[in-house]
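Worksheet for the structure shown next.
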Amino acid sequence: MAFSLFFTTFAPKIRKQMTKIACMMVSAAMLLLAACTSQPIPETPVGVEQGRSINALVCEGSNDTLLIYLTTPYDGSDPDTLNVLWAWKNHRIYGIPNVGDNVVALRNDSDSTCADVVIVTEDLMGRWGFETFPSLRQMAGMPADTSLLPDTLKQLLKVSREYSINFKNDHTMLSLGGRRRSKTEEMPIEYPQMKQYTEWGLDEDRLLLYVSAVDSTGEINVTGVDTASFVMLRPDTMVLRINGEERGFSKK
């Protein structure tokens, strides 16, 4: 596939309210600032280190080799550039950068003019669904060998359910699905419980998913964090490796 396909422009997103601007000129940078001030700039959750990461907006003129960007929050500086050819060739650009998109770029340790990773956080936003399958409940008389199960139970084990996670620009998120069944239900199968993710962040190229729970006083507290790495990210498809296990998602 030709490199030029990498920056193919997708249909405009409703939430974008900015036009394409020539970011290589100072006046154009000021126009881009004006266009972006109506959009909230996400803040990194407390405890997440920025390190080599750059929060940026993609500018006009970016291509498969060069990322032209404005740092965010905007500080009045001119647009800057990063060489992204190595990241592109090694499949370390996650998402499809378009003009005006929010991205996080990870600079190379030895050469700060090059990027090792680019994550298009614009493509991460929204609701992502994934399938999950049930397992057998631990019940008396249930055979350990699933091949000995009645056909009706075998069919039940093939019925999937869709759960989803919703990423928001303010670094909050929401888990949907996997509600706990009533204790009175005597189903021979059970679906896994969905972790309640309430916040997300980035630690360089690692995606942090904060797990929360409601305590006895009704307060929501963060009780843990799952660390994920990007395997693939496209506007409609995502694959994450969460705690060592790969999981595919589709945009809803």
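The values are calculated or read from the model by the stated rules, or taken from the named source; none is laboratory data. Remember, it's a predicted structure, so these values are computed and weren't measured experimentally. Virtual Cβ from ideal backbone geometry, glycine too; neighbours counted across all protein chains shown. Surface areas here come from the heavy atoms of the whole protein model, side chains and all, with no ligands, DNA or RNA. Shrake-Rupley method; radii C 1.70, N 1.55, O 1.52, S 1.80 Å.
Just wondering, is there one or more residues in segment 171-184 that are closer than 29 Å to residue 58 by Cα, at pLDDT 85 or above and open to solvent by 30 Å² or more (accessible area, probe 1.4 Å)? Checking segment 171-184: at least one residue is closer than 29 Å to residue 58 by Cα, at pLDDT 85 or above and open to solvent by 30 Å² or more (accessible area, probe 1.4 Å).
The listed residues are 99, 120, and the only one of them that is open to solvent by 20 Å² or more (accessible area, probe 1.4 Å) and in contact with an Asp or Glu (Cβ under 7 Å, 6 or more places away or on another chain) turns out to be 99.
Taking residues in segment 72-93 that are assigned to a strand (DSSP E or B), and partners anywhere that are open to solvent by 50 Å² or more (accessible area, probe 1.4 Å), the pairs with Cβ atoms closer than 7 Å and at least 6 places apart or on different chains are 81/66; 82/113; 83/65; 83/66; 83/113. Taking the listed residues 231, 214, 222, the one that is aliphatic (A, V, I, L, M), under 20 Å from residue 106 (Cβ atoms) and surrounded by fewer than 15 Cβ atoms within 10 Å (Cβ to Cβ) is 231, with no other qualifying. Being among the small types (Gly, Ala, Ser) and open to solvent by less than 20 Å² (accessible area, probe 1.4 Å), is that true of even one residue in segment 85-94? Looking through segment 85-94, at least one residue is among the small types (Gly, Ala, Ser) and open to solvent by less than 20 Å² (accessible area, probe 1.4 Å). The residues of segment 105-134 that are of a type outside the set (Phe, Trp, Tyr) and closer than 17 Å to residue 250 by Cα, listed by number, are 120, 121, 122, 123, 124, 125, 126, 127, 129, 131, 132. In segment 214-252, the residue that is modelled with the lowest pLDDT out of those that are acidic (Asp, Glu) and assigned to a loop (DSSP other than H, G, I, E, B) is 215. If a residue has to be open to solvent by 60 Å² or more (accessible area, probe 1.4 Å) and either in a loop (DSSP other than H, G, I, E, B) or under 15 Å from residue 204 (Cβ atoms) (or both) to count, how many in segment 123-133 make the cut? Qualifying residue count for the region: 1.
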